[in-house]
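Each value in this text was obtained by applying a stated rule to the coordinates, not by laboratory testing. Model, not experiment: these values are computed from the prediction. Counting neighbours? That spans all protein chains shown, and the Cβs are built from the backbone with ideal geometry, glycine included.
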Amino acid sequence: MQTATRGRRGGGRPRLGKPNPVDVHVGSRVRLRRTLLGMSQEKLGEAIGLTFQQVQKYERGANRIGASRLFDLSRVLDVPVSFFFDDMPLDDQPTPGNPNATPEPGEPDPMAKRETLELVRAYYRITDPACANASSS
């Protein structure tokens, strides 16, 4: 059975209906940083010349982020490019022998939960640690 590729001869990723795990991880890191900054998908899209729908697709891993776009995202989100690959499990990386490696089902990434992101944003809004300590006593 032959699979279609994305307009490249002999290269690219096969269209199998599910995103590449690396693309999903990079997209989740984009979402994490954008959310920590309190930035909307629309604002991020405007900053790099995209629609919010395109940003959504990047964040889900449905669309692969090219090198130049990743560089633009790193500048707008004020992180090094390596940030997008931090914490990526090595077992899930595609290799020549296993190009479609997928993560094992298990515990979801706690940093992907909305509650965790809201907690981190609230933490960064604290301007006077003494006031934060007083309210918890």
Please list, in order along region 44-52, the HN-Hα scalar couplings obtained from phi with the Karplus expression 6.51 cos²θ - 1.76 cosθ + 1.60 (θ = phi - 60°), rounded to whole Hz, x for Gly and Pro. 5, x, 4, 5, 10, x, 10, 7, 5
Between the modelled labels at ASP128 and SER40 (7 Å from Cα along Cα→Cβ) the distance in nm is 3.2 nm
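How far, in nm, would the chain grow between SER82 and ARG114 when pulled straight, counting 0.36 nm per residue and subtracting the alpha carbon separation? Display every interim value, and only then the final one.
Working: separation 32, 0.36 × 32 = 11.52 nm, distance 2.32 nm.
Using 0.36 nm per residue and subtracting the Cα-Cα distance, I get 9.2 nm.
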List the lysines whose Cα lies under 19 Å from the Cα of LYS113, skipping any in the same chain that are fewer than 8 positions away. LYS57
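Add +1 for every Lys or Arg and -1 for every Asp or Glu among the other residues with Cβ under 10 Å from the Cβ of VAL79, and state the total. Each step should come with its number before you reach the end.
Details: positive: ARG29, ARG33, ARG75; negative: ASP78, ASP86.
Combined, the nearby Lys, Arg, Asp and Glu give +1.
According to the square roots a ≥ b ≥ c of the eigenvalues of the Cα gyration tensor, what is the shape class of region 47-93, taking rounded for a/c under 1.5, prolate for a/b larger than b/c otherwise, and oblate for the remainder? Walk me through the intermediate numbers first.
Details: a/c = 2.40, a/b = 1.33, b/c = 1.80.
Because a/c hits 1.5 or more and a/b fails to exceed b/c, region 47-93 counts as oblate.
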